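J.: Sharing a structure, written as structure tokens. Questions coming.
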Amino acid sequence: MSAFTQEDRSLLADSVDRFITDAYGPDRRAAILKSDDGFGRAEWARYAELGWLGIAIGEDHGGSGGGLAELAVLMRAAGRGLLMEPLLPTLVQAAGALAAGGSAEQQAQWLPAIAGGQAILAFAQDDAAGDGAPVTARPDGDGYRLSGCRGFVLYGAAADRIIVKADLAGDTALFLLCPTAAGVTLAHARSIDDRPVSDLTLDNVRVAAADRLPGGDAALLDRLNRMAALAVCAEAVGAMEAANRLTLDYLKTRTQFGTSIGSFQVPQHRMVDMVLAAQEAAAITWSAIGAAIAAGTGGPAIRDAPVLTAAAKARSAAAARLIGEQSIQLHGGIGMTEEYVIGHYYRRLMLLETLFGGAGWHLDRLGGWTAAGFDGGDA
Amino acid sequence: MSAFTQEDRSLLADSVDRFITDAYGPDRRAAILKSDDGFGRAEWARYAELGWLGIAIGEDHGGSGGGLAELAVLMRAAGRGLLMEPLLPTLVQAAGALAAGGSAEQQAQWLPAIAGGQAILAFAQDDAAGDGAPVTARPDGDGYRLSGCRGFVLYGAAADRIIVKADLAGDTALFLLCPTAAGVTLAHARSIDDRPVSDLTLDNVRVAAADRLPGGDAALLDRLNRMAALAVCAEAVGAMEAANRLTLDYLKTRTQFGTSIGSFQVPQHRMVDMVLAAQEAAAITWSAIGAAIAAGTGGPAIRDAPVLTAAAKARSAAAARLIGEQSIQLHGGIGMTEEYVIGHYYRRLMLLETLFGGAGWHLDRLGGWTAAGFDGGDA
Amino acid sequence: MLGIDLMRDPAIQAFRAEVQRFCATHLPADIRDKVLSGQHLGKDDYVRWQKILFDRDWIVGHWPRQYGGQDWTPLQRAIFDDETSKAGAPWLTPFGVCYAGPVIYTFGSQAQKDRFLPAIRSTDTWWCQGYSEPGAGSDLANIKTRAVRDGDHYIVNGQKTWTTMAQWADMMFALVRTGNDGKPQNGISFLLIDMKAPGVTVRPIISIDKCHHLNEVFLDDVRVPADHLVGEEGRGWTYAKFLLNNERLLGAEVGKSTRLLHQLRRTLAEIRDGGRPLADDPHWRRRLGELRARLLGLEAVCNEYLAAAEAGSTPGLEVSALKIMGSELIQGITGAMVDALAVKGLVYQTEGLEPGWQAPAVGVPGAPGMIREHLHDRATTIYGGANEIQRNILAKAVLGL
Amino acid sequence: MLGIDLMRDPAIQAFRAEVQRFCATHLPADIRDKVLSGQHLGKDDYVRWQKILFDRDWIVGHWPRQYGGQDWTPLQRAIFDDETSKAGAPWLTPFGVCYAGPVIYTFGSQAQKDRFLPAIRSTDTWWCQGYSEPGAGSDLANIKTRAVRDGDHYIVNGQKTWTTMAQWADMMFALVRTGNDGKPQNGISFLLIDMKAPGVTVRPIISIDKCHHLNEVFLDDVRVPADHLVGEEGRGWTYAKFLLNNERLLGAEVGKSTRLLHQLRRTLAEIRDGGRPLADDPHWRRRLGELRARLLGLEAVCNEYLAAAEAGSTPGLEVSALKIMGSELIQGITGAMVDALAVKGLVYQTEGLEPGWQAPAVGVPGAPGMIREHLHDRATTIYGGANEIQRNILAKAVLGL
């Protein structure tokens, strides 16, 4: 159970919002985008001071003992403020993997470092950027050798460690990879929403046995990916709410043909649909998070958590597309400029749509489950 | 080449429109719907007198030597007037099959009878209504024995002959079936757009060798189905144009909140999209018909006729759905009543969408061809 | 409290289970089968089921205890509505128990309460709603039916339309115009009209599903006792708005959509194309997934609203949001059904809607019920204020546009 | 004559083949490769290609012969536009040859014709369009930039925005306000402004694709010779409308959509998911089919319009229909591209847009060009009168609503 009350969560959300208002304005954000890191090192240290980085880390490891609900509150606020820092891979994926699948030593080494802001971790999984070279691991003495490629490693450039998913004799295994180890190549670029992202190539890289996560199996990865999908949904909800607010303000203030754009029925109805879509995405996301927490704590799950997670990701992806595209359309020319922030929301939403499975992927799974009578025959 | 000029076609369209205005009004149509036949016998005779039934039959068989273009003009006008008579199976499918694949005797027997209005023919192909009992034929002395089921035989109840597609030792074969032959069972109902439709069951039915169409192979059937698909597109275009006209009139005259509905921007834009959709459906349908005629007459085909046909059916299906649904929505309550005609257009469009392949089926084919670089690499 | 947490509340789960159990044991199988196959229900079917609910004290569970109800919260009411719908219970015709009853016990006189409420609870009186007119649909304030005071009666003249089930009705509650001052909303009164009174004529309207649900009701010099006026003259619009608000959280029709989605699932498993069930086709699978996701999304939104209502907040305009989402989802599901049927041909054998019909079925078994549902449900985005009107309301009242 | 019949006309087919042949032999490979991969083109790339067309006498084929053109019909012009686009030719920047030139030869003085037309044909002068302003986008009649007569000059003050390629321009044709009487459309004049004149300042606008196509142009006390006024003072709106009409049949951008659809096809064949190319996935296949069908539909509509134009009719508002369909199709195609890329991750390596860039590519090869195209093309439904405005125009002028 989370150590947080509903009120604690509100305070957390307020704290992030206040930070963004005070210290993460357009100028600072523009400077961060131009920096080599592509995110704010100073901000990261500040997040640690504010206690955000340990929000979902156990109190025994220097955190405050929250969980997915608190991460979601943080990610939603991060979405509103378009934060650039590596919250997702470090707090959700890596800390989640270590907490659930790491050895005591790994947890002792990395979780306090994450909570304290000293360590940034990335996560490399899924398909290779190219074809035919997924990462494979083979035993090598008292350790392993890893080879292969991974694409789209977010914040790979800044990571102190990259948790790499590899195939080990047909099973899933997770390894803590040091990016400076011999045989590791990282090629850096930016994602569509300006985040640092890397292609990772491993050429017979030696990893010690102690750097394999003992509990890092396929089931863990599946749980982690669902958790990450929900964190992404929460971030998208925040971004959609902010984009809707900006667009609604614009409709009210921008005049054309002698009247505000918002006095025309077509923009009105479109704005209504955008607000309804964000509302639905939020509701289904919180539902899925509630179910995931209930499932994790052994409580009675009303709905199966995977079903709700698939629905949440699919619906928030659909909402993200509608809101992202129509925010720009309703803003007109100004929406097309890099200087104005609405385009940044659009690009952020484009990325969030795709992370941890796009709408189609989740709908296919959900459709398959539904066809098979999944969920106790309850739909 | 068609014996018709562009002017002849205009005269034909005018003639159908005039007939509908003069003699196919709501009262007459309501009476036809209530009749046992479900279509107008008297009207059928009149169509023969007006020369419509022989429009695409050769002059040597009592027709006027037109082709697909003239059938399309007729079908478009029939769509506008919501005609209930068996034009599609008799003129397009059966006469088309006989002209292209019938023996001289078959042509001499049936084509003049069709042109003269003495014979109504139906067509039974594709899947069985149930599962697992498609029609198979086996040689039996100097004839054949047919067994199996066919669903959705339009106008099967009135047909003097039903052309049945059957599987003959792995090949496609077409037979002229007499509905009163021993072993033939027809179960009658109405289609969603009020047309008579039947399930056909064949239990070891004897068909003479002379009643097999010598040219009735898979290639002929494929060509016929494309032709029929385009005739259906033309009928849909006519129905969409009429539905749009009714809806536009309604928007202009119906007042709500003290002003016409058509003064609101949302109905305006929706109406624009409906008109654009009908316009596109018309343009792509005429394009495909032009290409089909060019292909049939050995002229230089600009675009491959099957590609354009698939595009035409898919786009007109999409337009039919938009226009059908939104015609009712924009009419409000009155659109929901059986007494008012817009719902009849909706149900007619629902059926036309599905005949000879719905949008999905055609898009899948078109997508496959496009992926494979079909059409000379030209897209 | 998050909606999902609320749904996990043991008392709530127990109530849900109790409704499910009751339906499983008390909903007559013949009625359920008609509902699930989309066949016609007769008045006697509705009355029989409503009397079963009456016997269980659930027919007006959402009424206050003093009037024979159970003081259900909005959440309990929503659960009851969802679970009975899912189980295949008939539509709980709302004209008496949801509309006339609450207006009468809230605004009516003691005499009206004594006279009308018992028969509403027992469904011994069948009610219909006299709101819409030929010139007043979404624009309801525009009603023209006039009631002129004549001694201790009103003389009513006018025409109501789209009157659901008026052919079975004993009473109608109607909005009538008693004054013409100021805004059109003023001068509207709420009158209870005996359908057997001289001058009342009911004419059927057949809808595009070929069925008779709707009617026109002509009112020609109908004499209505003055004590059939509910509340004050000229305040009818206020009472109608109260009603609307009262019903605000049921517009999503989650239960109905759930039932229809089950039906779609079965249909996709049964209809085969090229030898395999449609459910195995990737396009159908994705479409089924999408409809399921939308249903779960709608349910989540409802749960948030219900949680807010449970926490004592008075939600206002949700009725518009839920109505938009709910109606468009229903149309999405029934549209998928007819698309699935279309694979084998759209045969609409209306005889198949009659219970006990035995002649040979043409086309796909069950098709008539699904086609009827689809055609009928084209109206869900029109009635109760067209979705365009709902979006206007949200734009103005919620977004401030 | 049906559009399809017209397209089968041997002379038309021969012309099409001639353009194709010319592109195959004369379009420089380096330029074509940049276009097809979505890389940045420099001014020199555009000029080089336009001079090649000039040498072939095709750069202003649609101009009258007396001004150096070929008297192309709308159909010929459309074929030229389609085929060059499909072949990977750069966008034929229209500001000189399509906009400034025709206005000058139609409404300008002999001196203006002599002075400006030759350098437009040879692309020795680069033009830009000074229409939009911060307060006048879709609502163009609202322009505020003022030109005040001062002896034999106008003094121009104001700000233009969204000015494409102004950073390369030698001249701007601008709508400026010279009067304030009556409707806002009155009092607008058409002025030719030297971009090197004192008081002209160009400030880049970086768009969401991170590229510099657009600019703000500030005009501070810019002295423009009075003989740079085209036609009559106060008639600028009329000339602008003439221009719009002139361009009405190219708004569909069939050629560009065709090229992009080819690119999508290749992308779907190249990107693999779970070991097989996306092109083999049923959902992608259907989506590709749908985009192809829409392209064929758009082409068919264009052909009907062109056939009508060829037959001498003067189509009026098609520009709105073609603009709506064309822009939404382009967005459909580029949206599919980024969805395909997303399977491997949306890496936007903007360095990859620079020709000759050699560093290691991250993500999917070719992604930067496709992402750039997608982001850039979000503007297609905004510029030139947003699609909402186009639908307003059609509703009013064509449907009479």
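J.: Failed condition for A:Ala209, given (1) more than 14 Å from chain D (Cβ to nearest Cβ); (2) surrounded by fewer than 22 Cβ atoms within 10 Å (Cβ to Cβ); (3) closer than 27 Å to A:Glu353 by Cα, with all others met?
T.: Of everything listed in (1) more than 14 Å from chain D (Cβ to nearest Cβ); (2) surrounded by fewer than 22 Cβ atoms within 10 Å (Cβ to Cβ); (3) closer than 27 Å to A:Glu353 by Cα, A:Ala209 misses just condition (3).
J.: Here is a further query. Out of the stretch C:93-120, which residues are surrounded by fewer than 21 Cβ atoms within 10 Å (Cβ to Cβ) and either within 15 Å of C:Phe242 (Cα to Cα) or at pLDDT below 95 (or both)?
T.: Once the filter is applied, which keeps residues that are surrounded by fewer than 21 Cβ atoms within 10 Å (Cβ to Cβ) and either within 15 Å of C:Phe242 (Cα to Cα) or at pLDDT below 95 (or both), the stretch C:93-120 yields C:Pro94, C:Tyr105, C:Thr106, C:Phe107.
J.: Just the residues that are surrounded by 18 or more Cβ atoms within 10 Å (Cβ to Cβ) and on the phi > 0 side of the Ramachandran plot, please, taken from the stretch C:211-251.
T.: Passing the criteria: C:Gly231, C:Gly234.
J.: Is one or more of the residues making up the stretch B:158-167 surrounded by fewer than 17 Cβ atoms within 10 Å (Cβ to Cβ) and not in a helix (DSSP H, G or I)?
T.: Looking through the stretch B:158-167, at least one residue is surrounded by fewer than 17 Cβ atoms within 10 Å (Cβ to Cβ) and not in a helix (DSSP H, G or I).
J.: State yes or no: is C:Arg21 away from every other protein chain (no Cβ under 14 Å), assigned to a helix (DSSP H, G or I) and surrounded by fewer than 16 Cβ atoms within 10 Å (Cβ to Cβ)?
T.: So C:Arg21 fits the description; yes.
J.: Collect the residues in the stretch D:333-352 that are more than 24 Å from D:Arg292 (Cβ to Cβ) and either buried (at least 21 other Cβ atoms within 10 Å of the Cβ) or away from chain A (no Cβ under 12 Å) (or both), keeping them in residue-number order.
T.: Hits for the stretch D:333-352 are D:Gly345, D:Leu346, D:Val347, D:Tyr348, D:Gln349, D:Gly352.
J.: Scanning the stretch C:24-51 for residues that are hydroxyl-bearing (Ser, Thr, Tyr) and in a helix (DSSP H, G or I), which turns out farthest from the other protein chains (Cβ to nearest Cβ)?
T.: C:Tyr46
J.: While we're on this one: Checking the condition over 14 Å from the mean Cα position of the chain (by Cα) and on the phi > 0 side of the Ramachandran plot, which residue from D:Gly101, D:Gly69, D:Gly130, D:Gly151 passes?
T.: Of D:Gly101, D:Gly69, D:Gly130, D:Gly151, the one residue that is over 14 Å from the mean Cα position of the chain (by Cα) and on the phi > 0 side of the Ramachandran plot is D:Gly151.
J.: Among residues belonging to the stretch B:67-86 that are of a type outside the set (A, V, I, L, M) and in a loop (DSSP other than H, G, I, E, B), point out the one that is farthest from the chain's Cα centre (by Cα).
T.: B:Gly67
J.: Continuing with the same structure: Looking at C:Thr123 and the list (1) touching a strand residue (DSSP E or B) at 6+ places or on another chain (Cβ under 7 Å); (2) at pLDDT 95 or above, which single condition is not satisfied?
T.: Answer for C:Thr123: the failing condition is (1).
J.: Can you tell me which of (1) more than 14 Å from chain B (Cβ to nearest Cβ); (2) touching a Ser or Thr at 6+ places or on another chain (Cβ under 7 Å); (3) in a loop (DSSP other than H, G, I, E, B); (4) of a type outside the set (Asp, Glu) is the one C:Ala252 doesn't meet?
T.: It is condition (2) that C:Ala252 fails.
J.: Sort out which residues of the stretch D:263-289 are touching a residue at least 40 places away in the same chain (Cβ under 8 Å), part of a helix (DSSP H, G or I) and facing another protein chain (nearest Cβ under 8 Å), and write them in order of number.
T.: Listed by number, the residues that qualify are D:Leu268, D:Trp284, D:Arg287, D:Leu288.
J.: Taking the stated definitions as given, is C:Glu328 part of a helix (DSSP H, G or I), in contact (Cβ under 8 Å) with a residue 12 or more places away in the chain and surrounded by fewer than 19 Cβ atoms within 10 Å (Cβ to Cβ)?
T.: In short, yes.
J.: Another question, if that's okay. Scan the stretch B:255-275 and tell me whether some residue there is within 8 Å of chain D (Cβ to nearest Cβ) and charged (D, E, K, R).
T.: Yes: one or more hits.
J.: Among the listed residues B:Ala210, B:Ala234, B:Ala239, B:Ala229, identify the single one that is among the aliphatic types (A, V, I, L, M), more than 15 Å from the chain's Cα centre (by Cα) and at pLDDT 95 or above.
T.: B:Ala210
J.: Identify all residues within the stretch C:332-351 that are in a loop (DSSP other than H, G, I, E, B) and closer than 11 Å to C:Gly369 by Cα; write none if there are none.
T.: Within the stretch C:332-351, C:Tyr348, C:Gln349 meet the criteria.
J.: So which of A:Ile293, A:Ile261 ends up being crowded, with 20+ Cβ neighbours inside 10 Å, out of contact with any Pro (no Cβ under 6 Å at 6 or more places or on another chain) and not aromatic (Phe, Trp, Tyr)?
T.: After ruling out the rest, the residue left standing is A:Ile293.
J.: Might you let me know whether the stretch A:111-131 holds any residue that is closer than 23 Å to A:Ala169 by Cβ and in contact (Cβ under 8 Å) with a residue 60 or more places away in the chain?
T.: yes
J.: Another question, then. Tell me which of these B:Ile284 doesn't satisfy, since it passes every other one: (1) within 7 Å of another protein chain (Cβ to nearest Cβ); (2) in contact (Cβ under 8 Å) with a residue 12 or more places away in the chain; (3) surrounded by fewer than 23 Cβ atoms within 10 Å (Cβ to Cβ); (4) not hydroxyl-bearing (Ser, Thr, Tyr).
T.: Only one criterion in (1) within 7 Å of another protein chain (Cβ to nearest Cβ); (2) in contact (Cβ under 8 Å) with a residue 12 or more places away in the chain; (3) surrounded by fewer than 23 Cβ atoms within 10 Å (Cβ to Cβ); (4) not hydroxyl-bearing (Ser, Thr, Tyr) is unmet by B:Ile284, namely (3).
J.: I would also like to ask the following. Among the residues of the stretch A:230-253, count how many are in contact (Cβ under 8 Å) with a residue 12 or more places away in the chain and more than 11 Å from chain C (Cβ to nearest Cβ).
T.: Qualifying residue count, the stretch A:230-253: 16.
J.: Next question. State which residue is nearest to the other protein chains (Cβ to nearest Cβ) when the search covers only the stretch C:1-18 and only residues that are closer than 27 Å to C:Arg265 by Cβ and of a type outside the set (D, E, K, R).
T.: Out of the qualifying residues, it is C:Ile4.
J.: Could you list all residues from the stretch B:178-192 that are more than 8 Å from chain C (Cβ to nearest Cβ) and on the phi < 0 side of the Ramachandran plot?
T.: Residues satisfying the conditions are B:Cys178, B:Pro179, B:Thr180, B:Ala181, B:Ala182, B:Val184, B:Thr185, B:Leu186.
J.: Quick one: in the stretch D:353-378, of everything that is touching a Leu at 6+ places or on another chain (Cβ under 9 Å) and within 8 Å of another protein chain (Cβ to nearest Cβ), which residue is modelled with the highest pLDDT?
T.: Of everything passing the filter in the stretch D:353-378, D:Ile371 is modelled with the highest pLDDT.
J.: Something else now. From the residues in the stretch B:118-153 that are surrounded by fewer than 20 Cβ atoms within 10 Å (Cβ to Cβ) and touching a helix residue (DSSP H, G or I) at 6+ places or on another chain (Cβ under 6 Å), which one is modelled with the lowest pLDDT?
T.: Across the stretch B:118-153, the extreme among qualifying residues is B:Asp142.
J.: If you take the residues of the stretch C:348-401 that are among the basic types (Lys, Arg) and within 22 Å of the chain's Cα centre (by Cα), which of them is nearest to B:Arg195 (Cα to Cα)?
T.: C:Arg372
J.: Which condition number does D:Lys86 fail, the rest of (1) in contact (Cβ under 8 Å) with a residue 40 or more places away in the chain; (2) more than 16 Å from the chain's Cα centre (by Cα) being met?
T.: D:Lys86 satisfies every listed condition except (2).
J.: Moving to a separate point now. Would you call C:Asn387 without any contact (Cβ under 8 Å) to a residue 60 or more places away in the chain and on the phi < 0 side of the Ramachandran plot?
T.: Taking the combined requirement at face value, the residue does not satisfy it.
J.: Scan the stretch A:324-376 for residues that are over 24 Å from D:Asn387 (Cα atoms), in contact (Cβ under 8 Å) with a residue 24 or more places away in the chain, hydrophobic (A, V, I, L, M, F, W, C) and surrounded by fewer than 20 Cβ atoms within 10 Å (Cβ to Cβ) and jot them down.
T.: The one that is over 24 Å from D:Asn387 (Cα atoms), in contact (Cβ under 8 Å) with a residue 24 or more places away in the chain, hydrophobic (A, V, I, L, M, F, W, C) and surrounded by fewer than 20 Cβ atoms within 10 Å (Cβ to Cβ): A:Phe374.
The values are calculated or read from the model by the stated rules, or taken from the named source; none is laboratory data. Just so we're clear, the structure is a prediction, and the values are computed from it rather than from any experiment. Backbone-built Cβ (ideal geometry, glycine too); neighbour counts: all protein chains shown.
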